[in-house]
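Below is one structure, written out as structure tokens; the observations come after it.
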Amino acid sequence: MAKVTVAIPTYNGALYLEECLESAINQTFSDIEIVIVDDCSTDGTPDIAEKFARLDSRIKILRNKTRLGLVENWNKSIQYSTGEWIKFLFQDDVLYESCIEKMLRAAGSTQTGGAGSFVVGERNFVIENGVEDGLRQFYENSVVTLNDIFRGKSHILPEEFSGAILEKGVGLNFVGEPTSVMIRREIFFQYSVFNQNLIHLCDLEYWTRIGTNQGLVYVPEIVIDFRVHNRSASAYNHAHNHFQLEYLDKIILLHDYLYHPYYFNLRKTVDSETILSNYLENEFMNLAGPGVAFDRQDKEMLLQALTEKYPILKNTWKNPVFRKPNLMVL
């Protein structure tokens, strides 16, 4: 059994996959397996993966029989991993050659507080030509990092992480993208896997799930390149899933923070339930108000689907704050 599984979920990633795989096989820490889980790609992704597998016996390739979609394929890559640690690597991204070595060292360092289960490394943004201006400006000017919040700290305690979540607001991913993290495999048995009801905040929700219970170890040094391009999932969500990105994902996130047992530690934070309830009310007000440029019928259908998955959200609509003429009632 390898010490670390490099988990690479793929879908039509041929353009950058060779560079991605080169960065995995050339790690200075060599006790790894590389698990590629392909979600029915229709481009050259499987051929590239097979070529590398013939050259390196540490590479395992699995192909889904039917298309699962982004988040479920992430979970499949976890399912097929056997290492003590799981290091995510997405098909567009690149690990610096000492990335895994440095993250493992930080996890076990007494200087950072001992054996961590959740390690986060800093990343460099590689922004390709053609990226939409709003997305480019976000990555160039608006990204908040762990170092921005926890200046000079390498070991962030659960209560510190919880306080930052409440202070900075719902939807702000100050941890980073999946390629930034490495997690002990046992954590996925303890706290389950990614929430497939989320399309954009799925990583943030999971980082919060672990961080509020386990804390994290932070490596402030840049150890990966995260690529931003107009074919990425982030670009697609900003262009085509704006409604879910801006409203529904946040409501689901707030629901879990308020009611799910995994978030007991978050709710222990001073005034947390009041803060979270206010966030939830504001999101419903934003969603239901006349300023939201979405068709009323579409909103009703999406909200109906949302409350079927999360019935307790119907109670929000009974709050007097929502009994106004411009607000729809489910």
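What are the aspartates and glutamates whose alpha-carbon lies under 14 Å from the alpha-carbon of Lys60, with same-chain residues fewer than 8 places away excluded?
In chain and number order, the partners are Glu33, Asp38, Asp47, Glu50.
According to the square roots a ≥ b ≥ c of the eigenvalues of the Cα gyration tensor, what is the shape class of region 150-213, taking rounded for a/c under 1.5, prolate for a/b larger than b/c otherwise, and oblate for the remainder?
Because a/c hits 1.5 or more and a/b fails to exceed b/c, region 150-213 counts as oblate.
With 10 Å bins from zero, work out the P(r) of region 34-161 over every alpha carbon pair and list the percent per bin.
9, 29, 34, 23, 4
Quick one: grab Rg to one decimal and Dmax as a whole number for region 4-233, Cα atoms only, in Å.
16.8, 50
Based on the mean of other Cβ atoms within 10 Å per residue, sort peptides 64-77, 116-129, 3-16 so the most packed one is first.
Answer by packing, highest mean first, reads 3-16, 116-129, 64-77.
Values in this text are rule-based calculations from the coordinates and carry no lab data. Bear in mind that the values here come from a model prediction, so they are computed numbers and not experimental data. Methodologically, a virtual Cβ is constructed for each residue, glycine included, from the backbone with ideal geometry; neighbour enumeration extends over all protein chains shown.
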